[in-house]
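See below for the structure under consideration.
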Number of protein chains: 2
Amino acid sequence: MSGFDPKGRIVPVILCGGSGTRLWPRSRRDRPKPFLPLLGERTLFQQSLDRVSDRSVFAPPLIVAGEGHVRLIEEQASQVEGLRVLVEPTAKNTAPAIALAAASLPADAIMLVCPSDHYIEYRDAFVAGAKGAAALAREGYMVAFGIEPSNPETGYGYIRRGEALRGGHRIARFVEKPDRETAERLLQTRDYVWNGGIFAFRAGALLEELHRHRPEMADLIGESIQQAQESDAKIMPAAPPFTRIVGESIDYALMENTECAAVVSADMGWSDIGNWDALMAARPADPEGNRLAGPVDAVECRNVMVDSDGPRVSVVGIEDAIVVIDGDEVLVMSRAAAQSVGKLPGALAQ
Amino acid sequence: MSGFDPKGRIVPVILCGGSGTRLWPRSRRDRPKPFLPLLGERTLFQQSLDRVSDRSVFAPPLIVAGEGHVRLIEEQASQVEGLRVLVEPTAKNTAPAIALAAASLPADAIMLVCPSDHYIEYRDAFVAGAKGAAALAREGYMVAFGIEPSNPETGYGYIRRGEALRGGHRIARFVEKPDRETAERLLQTRDYVWNGGIFAFRAGALLEELHRHRPEMADLIGESIQQAQESDAKIMPAAPPFTRIVGESIDYALMENTECAAVVSADMGWSDIGNWDALMAARPADPEGNRLAGPVDAVECRNVMVDSDGPRVSVVGIEDAIVVIDGDEVLVMSRAAAQSVGKLPGALAQ
């Protein structure tokens, strides 16, 4: 469908799904994480666009998002010529979202699937990784970006590198989020990288593999795209078949099943900014380790992040803590407890 | 002056001076600590009135305050019949304030001088102490309330009990706020009590002692009261002589110099609520040691006080900390750093 021709360039497919609660109250249902300027003046979504803005390498991006976010996307991406939005009828996790994108592209298009809410410090390393991944995808591999791990993180999945390929490795196995002890062991072997949630596929190869491992999903995706409505820069797949899909992640549905999974490794200052502590770590610190944004007075504090959108915050004698003011909500947490923010009534109720 | 006759009852003299910064931002210049409901529904000032409301023991109280607080006093004490306000022309510490009160009372009146911003848990013990102090004051003693110390507090002055008197002791010596080591030693001797800032005097005896030790102050007080204007329930001493007084505390000007200083000891659940940590200690705790006032959600917290006048506060994984929201100010501190609140720009600028 559609007359889109990437002209041999990589097609960025940027996923804007998900409604995380762990950056509440800054992140809210109607103003989710990708669309917030959490690091620097540009939002994470805008930074995702910036990373793929070299039109000699990347075609104009295809954004996959729910209807509720289309207005935010149009506002924040108004400068990007040729950008298209593929509107998911409903959220069904990553496999259906990526498959929709694949089905709406020419079969020989090379897709680079990127979350819109991660942070990548080194753009050149990202682009180099993208080119390497694209080369393997052209050969038919399903390619994951592996992030060189810097610490025994328990919040990420791990990928074990297997047989060497040109510019990457076959994937030997996937490891779910490990406990601390396991993470330390994986780190020592030097064979493991983090699963960064970034993938490269040839569109047709992806759909073939999906037919092999999730035939029902593949059929419903096909129907949904065949019946799609397209207008200007918006593609609206048909809802009835799509809503019948059993949602699944691309890792479960495809990457862990396919015989042709590969990984390219990248050391690009990546973070999924999965909670307030991860955000704090990605922000520059003053000599006391503090990160203070907004009107803040700090006395006798170390390793404290304060982020206020208005009221003055005075902090006295605290360490390893995070204070967030957003509108009518105040959040105070220890860095170690940042993972528990999602349990708060405020985060759950939105 | 004035036709006031206490009819043999103790005259409560309640001091409303001072503008502490250590309970900022709840306490502010135009809404200082005595006039806030920090513990229970009544303000500390109202609780001071409640403690002396038994009219068989206490005459209607005399309030000493600056002009700026008269409106708050009238609002909060509107139910108290016979209450009078003595308006200090300017703040000059406690000795001139107390002497003004003494000079405006009959010479044989027994005054009980009470701060308006302390907390006393056990009213019966206070009243018993007041009666004992009044009995010694009738004999001509300058009587301090000594508080039985519960811990080696470094924030209070100490009084050493000397020769026993009927219902009390002569004061052997005063000890300025000690360091921790000294405080621990004082506590072990069992001879020392805290100086609670509560005093009893016979008005005439106080003025005689003041003439002896601070003759210039005594003369200026006399002039100021002779030229006072009195209307309804308000006494306005003349400003010109009063402003020439060198301000001094009653401890320095009188108690440490007089030959007839005495102390009565009381165990009445007293606290000067001198900072946020002291206020926290005086509030009832839930099983996790938390004191939560206002809309608060707490997850995995211990020994935390949150006091919000509006916005919801969510606290996660913090310990031994205090969070205060007041209007457009947010304050987050460790309990141990509560003494440093006065150093904050917000507290200093008001």
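The values are calculated or read from the model by the stated rules, or taken from the named source; none is laboratory data. Please read these numbers as outputs of a predicted model, since none were measured by experiment. Counting neighbours? That spans all protein chains shown, and the Cβs are built from the backbone with ideal geometry, glycine included.
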> Can you name the residue in the range B:36-70 that is within 21 Å of B:Val323 (Cα to Cα) and free of Cβ contacts under 8 Å to residues at least 60 places away in the same chain and is also surrounded by the most Cβ atoms within 10 Å (Cβ to Cβ) among such residues?
Replying inline: B:Thr43
>> For the list (1) among the basic types (Lys, Arg); (2) within 24 Å of A:Gln47 (Cα to Cα); (3) part of a loop (DSSP other than H, G, I, E, B), I need the number of the one condition that A:Lys131 fails.
In response: (3)
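Within 18 Å of B:Asp326 (Cβ to Cβ) and modelled with pLDDT of 95 or more: does that describe A:Val304?
Working: within 18 Å of B:Asp326 (Cβ to Cβ): no; modelled with pLDDT of 95 or more: yes.
For A:Val304, the condition - within 18 Å of B:Asp326 (Cβ to Cβ) and modelled with pLDDT of 95 or more - is not met.
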> In this structure, does B:Gly222 turn out to be touching a residue at least 40 places away in the same chain (Cβ under 8 Å), of a type outside the set (Asp, Glu) and closer than 28 Å to B:Asp272 by Cβ?
Replying inline: no
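This table checks each residue for (1) touching a Lys or Arg at 6+ places or on another chain (Cβ under 9 Å); (2) basic (Lys, Arg); (3) not assigned by TED's automatic domain parsing to the domain that holds A:Pro96.
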site	(1), (2), (3)
A:Leu187	no, no, no
A:Trp194	no, no, no
A:Gln226	no, no, no
A:Ala282	no, no, yes
A:Asp297	yes, no, yes
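Is there a residue in the range B:93-107 that is of a type in the set (A, V, I, L, M, F, W, C) and assigned to a strand (DSSP E or B)?
Restricting attention to the range B:93-107, the residues satisfying the condition of being of a type in the set (A, V, I, L, M, F, W, C) are B:95, B:97-103, B:105, B:107.
Right, trim to assigned to a strand (DSSP E or B) and you get none.
Within the range B:93-107, not a single residue is of a type in the set (A, V, I, L, M, F, W, C) and assigned to a strand (DSSP E or B).
Answer yes or no as to whether B:Asp251 is out of contact with any helix residue (DSSP H, G or I) (no Cβ under 7 Å at 6 or more places or on another chain) and either facing chain A (nearest Cβ under 9 Å) or at pLDDT 95 or above (or both).
On the way: out of contact with any helix residue (DSSP H, G or I) (no Cβ under 7 Å at 6 or more places or on another chain): yes; either facing chain A (nearest Cβ under 9 Å) or at pLDDT 95 or above (or both): yes.
Yes; evaluated as a whole, the condition is true for this residue.
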>> Restricting to the range B:298-339, name every residue that is free of Cβ contacts under 8 Å to residues at least 60 places away in the same chain, under 19 Å from B:Leu39 (Cα atoms) and of a type in the set (Val, Ile, Thr).
In response: B:Val304, B:Val306, B:Ile322, B:Val323, B:Ile325
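Does A:Ala262 fit the bill of being at pLDDT below 95 and of a type in the set (A, V, I, L, M, F, W, C)? Walk me through how you get there before you give the answer.
Details: at pLDDT below 95: no; of a type in the set (A, V, I, L, M, F, W, C): yes.
Spelling it out, it is not the case that A:Ala262 is at pLDDT below 95 and of a type in the set (A, V, I, L, M, F, W, C).
Can you tell which of B:Tyr141, B:Tyr119, B:Tyr158 is among the aromatic types (Phe, Trp, Tyr) and either surrounded by fewer than 15 Cβ atoms within 10 Å (Cβ to Cβ) or in contact with a Phe, Trp or Tyr (Cβ under 6 Å, 6 or more places away or on another chain) (or both)?
Working: B:Tyr141 fails: either surrounded by fewer than 15 Cβ atoms within 10 Å (Cβ to Cβ) or in contact with a Phe, Trp or Tyr (Cβ under 6 Å, 6 or more places away or on another chain) (or both); B:Tyr119 fails: either surrounded by fewer than 15 Cβ atoms within 10 Å (Cβ to Cβ) or in contact with a Phe, Trp or Tyr (Cβ under 6 Å, 6 or more places away or on another chain) (or both).
The match here is B:Tyr158.
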> Failed condition for B:Ala103, given (1) touching a strand residue (DSSP E or B) at 6+ places or on another chain (Cβ under 9 Å); (2) modelled with pLDDT of 95 or more, with all others met?
Replying inline: (1)
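Quick grid of which residues meet (1) aliphatic (A, V, I, L, M); (2) at pLDDT below 95:
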| position | (1), (2) |
| --- | --- |
| A:Gly129 | no, no |
| A:Ala134 | yes, no |
| A:Gly146 | no, no |
| A:Asn151 | no, yes |
| A:Gly162 | no, no |
| A:Arg190 | no, yes |
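State yes or no: is B:Ile14 part of a strand (DSSP E or B), surrounded by 24 or more Cβ atoms within 10 Å (Cβ to Cβ), touching a residue at least 24 places away in the same chain (Cβ under 8 Å) and out of contact with any His (no Cβ under 7 Å at 6 or more places or on another chain)? Give the steps one after another, and end with the answer.
On the way: part of a strand (DSSP E or B): yes; surrounded by 24 or more Cβ atoms within 10 Å (Cβ to Cβ): yes; touching a residue at least 24 places away in the same chain (Cβ under 8 Å): yes; out of contact with any His (no Cβ under 7 Å at 6 or more places or on another chain): yes.
Answer is yes for this residue.
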>> I'm told A:Arg123 meets every condition in (1) within 20 Å of A:Glu256 (Cα to Cα); (2) at pLDDT 95 or above; (3) within 16 Å of the chain's Cα centre (by Cα) except one. Can you identify the failing condition by its number?
In response: (1)
> Can you name the residue in the range B:291-350 that is more than 9 Å from chain A (Cβ to nearest Cβ) and basic (Lys, Arg) and, of all such residues, is surrounded by the most Cβ atoms within 10 Å (Cβ to Cβ)?
Replying inline: B:Arg291
>> Looking only at the range A:297-329, count every residue that is of a type outside the set (Asp, Glu), out of contact with any Leu (no Cβ under 6 Å at 6 or more places or on another chain) and under 21 Å from A:Ile273 (Cβ atoms) and tell me the total.
In response: 9
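What about B:Arg190, is it more than 29 Å from B:Pro61 (Cα to Cα) and free of Cβ contacts under 8 Å to residues at least 12 places away in the same chain?
Details: more than 29 Å from B:Pro61 (Cα to Cα): yes; free of Cβ contacts under 8 Å to residues at least 12 places away in the same chain: yes.
Yes; evaluated as a whole, the condition is true for this residue.
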>> I need the full set of residues from the range A:138-161 which are touching a Cys at 6+ places or on another chain (Cβ under 8 Å) and in a loop (DSSP other than H, G, I, E, B), in order please.
In response: A:Gly140, A:Tyr141
> Does the range B:31-52 contain any residue that is out of contact with any helix residue (DSSP H, G or I) (no Cβ under 6 Å at 6 or more places or on another chain), in the same structural domain as B:Leu210 (by TED's automatic domain parsing), of a type in the set (Phe, Trp, Tyr) and not in a loop (DSSP other than H, G, I, E, B)?
Replying inline: no
> Do any strands (runs of 3 or more DSSP E) entirely within the range B:162-267 hold 1 or more residues that are touching a His at 6+ places or on another chain (Cβ under 9 Å) and crowded, with 21+ Cβ neighbours inside 10 Å, and if so, which?
Replying inline: B:192-202, B:261-266
